[in-house]
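Worksheet: the structure to be examined is printed underneath.
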Amino acid sequence: MASTGSTPFPKWQLAILLGAPIAIGLGYLYLRNRLEDPEKKKASELKAKTTISLDNEENTTKVSESAIERAMKLKGAGNRAFHAGEYDKAIALYNEAIEACPPDRPVDLATFYQNRSACYEKREMWEQVKEDCTFALKLNEKYVKAFLRRSRAAEKSGDLVLALEDVTSACILERFQVQSSLVNADRILKALGRQHAREALAKRSPVMPSKHFIKTYFSAFSEDPIAKIKVDDETDGFAKARKALDNLDYESIVDACTEEIDAEGIFKNEALLLRATFYLLLGRHEEAQADLGKVIESDAPTKVKVNAFIKRASLFTQLENTERCLEDFAQAAQLDPNNSDIYHHRGQVYLLLERMDEATAEFAKAVELNPDFSIAYIQKCYADYRHAQINKNVGALVQVRADFESALERFPRCAEAYILYAQVLSDQQEWGRAEALFDAALAVDPNNATLYVHKGLVQLQKSTDFDKAVKLINKAIEMDDKCDFAYETLGTIEVQRGNLRRSLELFEKAIALAKTELEMTHLFSLKDAAAAQLKVSERWGLDWTVS
């Protein structure tokens with residue numbers, strides 16, 4: 001599986017680099033420190049709502065007290081029926097409690113509606129649940145139980161937007177201290193993100209990634225069969241495609257490959273493989289899978305078929321089909337057991353899956369077969385670091401640092417060496433050395449816009465310097481307006497700063513550049529979280545911006 005940019009982390013783990021919960025978004029964590037104590041607010045609101053005006057006549061107050069006593073007795077009976085599993089009886093009792101409740105007791109009336117909604121929930125009557133919770137929230141706008149129950153009902157009935165807004169409201173009122181609510185928010189975000197991603201993918205036009213991204217992708221293959229083919233006749237389709245590849249004229253490659261394929265040229269299988277590669281880069285997954293399948297079933301040279309297996313395995317990873325992915329790697333290894341690319345890319349998959357024992361073994365095998373391939377060597381160092389970190393092996397961590405230092409001496413022109421070592425040092429909070437390594441990477445690869453994003457992240461981690469971080473990330477966008485990593489990171493920072501409208505614009509730009517459903521799902525999750533927080537803030541008049 002080819003590298004998806006300079007960062008070794010899956011993009012959905014960006015929040016972890018900034019010390020925030022996965023998927024839920026930095027705004028949730030940030031808001032913990034921005035909101036006043038909701039319990040104090042709730043207490044004052046309930047006191048205000050339940051205070052009976054001293055202007056009322058005595059007999060009116062007595063009637064009101066008598067009415068509420070009757071309503072509370074009916075509620076108690078309803079509760080007993082509910083706990084006994086007699087839901088129809090409980091509903092009838094709560095109905096009477098609602099009828100008996102005087103209008104000057106809105107908080108109690110909200111409780112009766114909420115309790116009746118619990119009965120409807122047990123009977124899976126989702127519309128009734130939502131209706132009663134809505135009544136409860138009109139009477140008590142900060143009622144956490146009603147938000148959570150309506151969220152569950154909305155999720156069950158397919159209204160994921162409402163489900164997210166309600167669980168977001170609950171999380172804010174709970175000061176993000178209730179794990180079950182955070183887990184529910186995460187689940188809903190992922191489901192809504194996936195729904196929005198699929199809708200967007202069905203309508204959008206493919207976007208060619210930046211030239212730097214494509215060069216990085218191809219550099220992850222040490223045994224690329226396309227690069228090793230020499231063509232003399234520059235008039236046929238494949239020759240045109242190869243020339244376009246060498247000249248970074250990526251927009252012309254698919255058409256040139258199609259010309260070779262339609263003409264049944266001698267490089268038909270190689271053209272299929274190259275076209276499939278660009279279909280992958282464009283996010284045209286069905287077409288990529290079809291072309292790769294044709295290569296695999298053909299009489300193409302072994303190296304060509306193995307490269308097709310590796311790329312189809314990468315595609316299955318993007319489609320979250322791990323079983324098919326590993327099957328393709330296994331077949332590739334049977335065909336060409338000494339091909340280091342197989343183990344290198346399978347190691348990346350295991351790294352993403354957090355199967356660290358297997359990841360380190362795969363990278364070790366790749367390096368054993370091709371010790372001079374810098375990318376595999378560096379990623380082996382990083383996998384060894386993650387393995388040592390997870391196992392809290394201090395001795396191994398010391399050895400990993402020595403290996404990285406050795407790698408810098410051995411591969412001084414490999415930007416990846418500086419980048420991965422810098423991220424390891426960032427983990428260890430050695431900000432100065434990490435910054436120096438990112439600068440060294442820029443000296444080797446000055447057109448790599450993502451390096452400015454990494455430098456911005458270091459500023460956030462070491463000193464929470466938002467302005468400096470934003471300036472660096474904007475520089476990345478100036479260099480490469482297709483740097484989705486920059487838009488995503490900047491959007492996340494704007495959520496953290498409370499600039500929710502700006503974050504939505506940035507997430508939209510990142511979404512337009514996403515190449516896989518998995519990436520797009522993650523980005524929509526970030527956007528949907530920000531949108532939900534914005535709606536809640538507008539409803540309650542909250543200002544979360546950093547002053």
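The values are calculated or read from the model by the stated rules, or taken from the named source; none is laboratory data. Model, not experiment: these values are computed from the prediction. Every residue, glycine among them, receives a Cβ derived from its backbone with ideal geometry; neighbour counts consider all protein chains shown. For the accessible areas, the whole protein counts, side chains as well, though only heavy atoms, and no ligand, DNA or RNA atoms are used. Shrake-Rupley method; radii C 1.70, N 1.55, O 1.52, S 1.80 Å.
Assorted remarks:
- P(r) weight above 24 Å for the range 55-197, C-alpha pairs, percent: 38
- Its Cα centre serving as origin, the chain has a Cβ charge dipole (Lys and Arg +1, Asp and Glu -1) of approximately 1700 debye.
- Gain on full stretching of the segment that runs from Ala290 to Lys475 - 0.36 nm per residue minus C-alpha separation: 62.7 nm
- Summarising the label geometry, the points placed 7 Å from Cα in the beta-carbon direction at Thr134 and Gln334 lie 5.8 nm from one another.
- Taking a sphere under 11 Å around the Cβ of Tyr217 and counting the other residues whose Cβ falls inside, with K and R at +1 and D and E at -1, yields a net charge of +3.
- Take every pair of alpha-carbon atoms less than 8 Å apart whose residues are at least six positions apart; their mean separation over the length of the range 224-338 yields a relative contact order of 18 percent.
- Given R0 = 35 Å, the distance between the Cβ atoms of Arg355 and Val398 translates into a calculated FRET efficiency of 0.90.
- Positive end of the dipole of the chain (Cβ unit charges, origin at the Cα centre): among Pro102, Leu281, Asn307, the Cα lying farthest that way belongs to Pro102.
- Potential lengthening between Asp255 and Gln428 on full extension [0.36 nm per residue; Cα-Cα distance subtracted]: 57.5 nm
- When the listed pairs Lys138/Lys535; Lys482/Lys509; Lys138/Lys190 are checked against a 18 Å cut-off, the alpha-carbon distance exceeds it for Lys138/Lys190.
- Trypsin sites (Lys or Arg not before Pro) lying in DSSP loop within the range 203-267, provided at most 11 other Cβ fall within 10 Å: Lys228, Lys230
- Å² of accessible area per residue within the chain, as computed with a 1.4 Å probe and no ligands counted: 45
- Extended-chain gain in nm, criterion 0.36 nm per residue less alpha-carbon gap, Ala364 and Asn247: 38.7 nm
- Cut-off 11 Å between beta-carbons: net charge of the residues surrounding Ala170, Lys and Arg +1, Asp and Glu -1: +3
- Crossing angle, helix 340-352 versus the chain [Cα axis fit, 0-90 degrees, rounded to tens]: 10
- Mean shadow area of the range 386-444 over all directions, Cα convex hull, nm²: 3.7
- Student exercise, the range 224-338 dipole from Lys, Arg, Asp, Glu Cβ charges, in Debye to nearest 20: 360
- Dividing the convex hull volume of the alpha carbon atoms of the chain by its residue count gives 175 Å³ per residue.
- Listed residues Phe221, Val367, Gly498: farthest to the positive end of the dipole of the chain (Cβ charges): Gly498
- Entry note: the range 224-338 has Rg to Rh equal to 0.97, where both radii use alpha-carbon atoms and Rh is the Kirkwood radius.
- Carbon/sulfur fraction of accessible area - the range 224-338, other protein chains in place, 1.4 Å, %: 45
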